[in-house]
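Q: After the structure tokens below, expect a handful of questions from me.
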Amino acid sequence: MQTDRPTGRVLALIVLLALVWSCTPAKRLAVDPAGFTVSEADPATILANSPNAGKTIGSIEGRARAQISRPGVSERVSVSFTSDRTRTLISIRNNLGIEGGRIYADRDSVLIYDRIEKQAWKSDIGRSHELLLNGFSAFNLIDFIDPILHAAEVQMVLEDEKRYKLVFFDGKTVIFSRQNYLVEQIVFSTDDPEVFSTFFFENHAGLNGYKLPRTIRIFSDDGKSVIHLVTQSLELDKKNLDFDIGIPPEITIIRI
């Protein structure tokens, strides 16, 4: 069975859905290394004060501009995406408007179709971050612009003058603004320095009763790779979504 991986010629593709994070609980500290201190605030109250509390987005469809920067690579692309809570389909176009590839992801696997090279690869979610294509790795946008968070999963609450930091038992941390309770940052614990683990959310705007970020900055765990996403259009809870990746029958899918 062929196991060749995508080469650097492949145009920038953005997979979605999975990150690898550890389930090791964070230690309870009096002072957080980032300057936070232990808070007496109730996590349930913090979550309830979020502008998006009490409702959940089922699906999103839209377009975004993306810039990827990593050692030796800097590229701009446009991204069209369709996502629900279990599936995602993304189409990538280069700065000339040429569609270079499509990606389909669900909770179990990631499928990449390079339309230029006429090749396709498939990987399980656990290894999907290894399919770095011009710096893009696997994550699902809907999981971050509208995360589903439960107070019972919070290990402790930290605070500084402007923010609350919720530390979850699975290792992730979520930072809220104390002014408007919008999510400003999500960090996932990981042992892999190349995994995109830190998400910053900016320029929130109202849409159908939600407050959603228009700008997302995504950093690898080692800080060497950065993705800058700016949404251009977004539609929520659209019916009859199309998740067909469109791989021709004559193309053999290479399993990695």
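The values are calculated or read from the model by the stated rules, or taken from the named source; none is laboratory data. Keep in mind the model is a prediction, meaning the values are calculated, not measured. Cβ placement follows ideal geometry from the backbone for every residue including glycine, while neighbour counts extend to all protein chains displayed. When the accessible area is computed, the model is the full protein with side chains, heavy atoms only, and any ligands, DNA or RNA have been set aside. Shrake-Rupley method; radii C 1.70, N 1.55, O 1.52, S 1.80 Å.
Q: If you keep only loop residues by DSSP, which trypsin sites (Lys or Arg not before Pro) in region 29-116 have at most 16 other Cβ atoms within 10 Å of their Cβ?
A: Those satisfying the criteria are LYS55, ARG85, ARG107.
Q: What is the percent carbon and sulfur in the accessible area of region 194-256, measuring with a 1.4 Å probe over the protein chains and ignoring ligands?
A: Looking at region 194-256 in its full context, I get 45 percent from C and S.
Q: Could you name the lysines in cross-link range of LYS238, using Cα to Cα under 27 Å and dropping any fewer than eight places away on the same chain?
A: Candidates past the 8-residue exclusion: LYS55, LYS211.
Q: With an 8 Å cut-off on Cα pairs and a minimum separation of 6 or more residues, tell me the relative contact order of region 209-256 in percent.
A: 24
Q: Right, something else. Within a Cβ distance under 13 Å of ASN52, other residues only, what is the Lys/Arg minus Asp/Glu net charge?
A: With Lys, Arg at +1 and Asp, Glu at -1, the neighbours total +1.
Q: May I ask you to evaluate 6.51 cos²θ - 1.76 cosθ + 1.60, the Karplus curve with θ = phi - 60°, for each residue of region 63-73 and list the ³J(HN,Hα) values in order in whole Hz, giving x for glycine and proline?
A: Computed from phi, the couplings for region 63-73 are 9, 8, 8, 9, 10, 10, 10, 8, x, x, 9 Hz.
Q: Could you pull out every residue, at least 5 positions away or on a different chain, whose amide H is within less than 5 Å of the one on HIS204? Hs are placed 1.01 Å off N in the peptide plane, and Pro or chain starts have none.
A: ARG214
Q: Excluding same-chain residues fewer than 8 positions from LYS239, which aspartates and glutamates have a Cα within less than 14 Å of its Cα?
A: Partners within reach: GLU61, ASP84.
Q: Extending each Cα 7 Å along its Cβ direction at LYS55 and SER69, get the distance between those two points in nm, one decimal.
A: 3.6
Q: State to the nearest 20 debye the size of the charge dipole of region 108-251 about its Cα centre, where the only charges are +1 on K and R beta carbons and -1 on D and E beta carbons.
A: 520
Q: Report the calculated FRET efficiency for GLU250 and ASP108 (r = Cβ-Cβ distance, R0 = 25 Å), to the nearest 0.05. Intermediate results must be reported in sequence, preceding the final value.
A: Details: r = 25 Å, r/R0 = 1.01.
About 0.50, to the nearest 0.05.
Q: Could you work out how far apart the two model spin labels at ALA48 and VAL230 are, taking each label as a point 7 Å from the Cα in the direction of the beta carbon, and quote it in nm?
A: Each label point lies 7 Å from its Cα, and together they span 3.9 nm.
Q: While we're here: Using heavy-atom solvent-accessible surface (probe 1.4 Å) with all chains present, what is the largest-first order of LYS162, LYS172?
A: Ranked list, largest accessible area first: LYS162, LYS172.
Q: By its C-alpha gyration tensor, with a ≥ b ≥ c as the square roots of the eigenvalues, how is region 205-256 shaped: rounded for a/c under 1.5, else prolate for a/b larger than b/c, else oblate?
A: oblate
Q: What is the sum of charges, Lys and Arg at +1 and Asp and Glu at -1, for the other residues whose Cβ falls under 15 Å from the Cβ of ASN208?
A: +1
Q: Apply the a/c threshold of 1.5 to the C-alpha gyration tensor of region 159-250 and tell me whether it is rounded, prolate or oblate.
A: Verdict is oblate for region 159-250.
Q: Could you compute the net charge surrounding SER177? Neighbours are other residues with a C-beta less than 9 Å from the C-beta of SER177; K and R count +1, D and E count -1.
A: Spelling it out: positives minus negatives among the neighbours equals +2.
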